[in-house]
Amino acid sequence: MDLRLQGKLALVTGGSHGIGRAISLALAGEGCHVAICSRGDDARNDTVNKLLSMGVKALGVQADVAVAGEAERVINTVVESWGGIDILINNAGGGGRWGSPIVEDTPESVWNEVYEKNALAAVRFTRLVIPHMRRKKWGRVVTITSVYGREGGGRPWFNMAKSAQTSMMKTLAMNHDLTRDGITFNSVAPGAIAIPGTGWDEERIKDPAAFENMLCESYPLGRLGTPEEVAAVVAFLCSDRASLVNGASVAVDGAESRSF
């Protein structure tokens, strides 16, 4: 399916690793020019080189999205280089394994850090791209949340932050002033995704037999998802083919979650 994204200008936060990298490559595969921001230089440079090899323009910006002011610097860098932004993917986040399973043993700083890294980072980038999308009367904002942004479960600070992201996308999508300027706002809620160097990878290495048994018992497909499976849904939501999809929270989880 031709998603008709040729020449669109996309920014993917946290775009150098895991789901973010897969989204960056998927958008480039559809002909988008892709800018990414991330903290680490090596992965960012590697991803930019891969994007360039796909025949699109690519830009990498070093940034920590949890730091106030960084979003504005990233947006300004991209706009100064390319003249605008058509697509924003709020992918940067994390913290689902931070803190302690015992809530009272987890300091307030963890709650603040997880909320800043996820919800407030998405707020900052979204606010800053809207004027550029309004000028073109077209835009797509997709925020990568979690199945724990749709239902109970997980550690409460992470669940709260992801729920806030989901709520923001839905509420913005219902704003006539924004959507009638051609901008849509959606969330994609991944379940457990296999990403090298993350907690799932550590569990697999620690006890392969127990890990396989857990997959068999707890996941309907008997496996974890892949970043590429998430990225394919994101790319579709960014296209005109998905023009009626607005305010949705799309679970990409192989029926792992229990909500409808």
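Taking every residue in region 130-153 that is over 20 Å from ARG241 (Cβ atoms) and pairing it with any residue that is part of a loop (DSSP other than H, G, I, E, B) and of a type in the set (Ser, Thr, Tyr), at least 6 positions away or on another chain, the pairs with Cβ-Cβ distances below 6 Å are VAL147/SER257; ARG150/SER259; GLU151/SER257; GLU151/SER259. Could you please let me know if ILE89 is under 16 Å from the mean Cα position of the chain (by Cα), surrounded by 21 or more Cβ atoms within 10 Å (Cβ to Cβ) and either farther than 22 Å from THR166 by Cα or at pLDDT 95 or above (or both)? Spelling it out, ILE89 is indeed under 16 Å from the mean Cα position of the chain (by Cα), surrounded by 21 or more Cβ atoms within 10 Å (Cβ to Cβ) and either farther than 22 Å from THR166 by Cα or at pLDDT 95 or above (or both). Just to be sure, is ALA119 under 22 Å from ARG21 (Cα atoms), in a helix (DSSP H, G or I), among the hydrophobic types (A, V, I, L, M, F, W, C) and touching a Phe, Trp or Tyr at 6+ places or on another chain (Cβ under 6 Å)? No. Residue count for region 148-205 under the criterion of being among the basic types (Lys, Arg), surrounded by fewer than 22 Cβ atoms within 10 Å (Cβ to Cβ) and under 14 Å from GLY96 (Cβ atoms): the result is 1. Exactly one residue among PHE158, PHE185, PHE236 is in a strand (DSSP E or B), closer than 21 Å to ILE89 by Cβ, under 18 Å from the mean Cα position of the chain (by Cα) and not β-branched (Val, Ile, Thr), and that residue is PHE185.
Restricting region 102-114 to residues that are more than 25 Å from the chain's Cα centre (by Cα) and either within 18 Å of TYR148 (Cβ to Cβ) or among the hydroxyl-bearing types (Ser, Thr, Tyr) (or both), the residue that is surrounded by the fewest Cβ atoms within 10 Å (Cβ to Cβ) is VAL103.
Picking from VAL74, VAL56, VAL65, which residue would you name as being in contact with a Phe, Trp or Tyr (Cβ under 8 Å, 6 or more places away or on another chain) and part of a loop (DSSP other than H, G, I, E, B)? So that I can check it myself, show each step before the final result.
Working: VAL74 fails: part of a loop (DSSP other than H, G, I, E, B); VAL56 fails: in contact with a Phe, Trp or Tyr (Cβ under 8 Å, 6 or more places away or on another chain).
Just a single option satisfies the conditions, and that option is VAL65.
The values are calculated or read from the model by the stated rules, or taken from the named source; none is laboratory data. All values reported here derive from a predicted model rather than from experimental measurement. Using ideal geometry, Cβ is built from the backbone for each residue, glycine included, and neighbour counts are taken over all protein chains shown.
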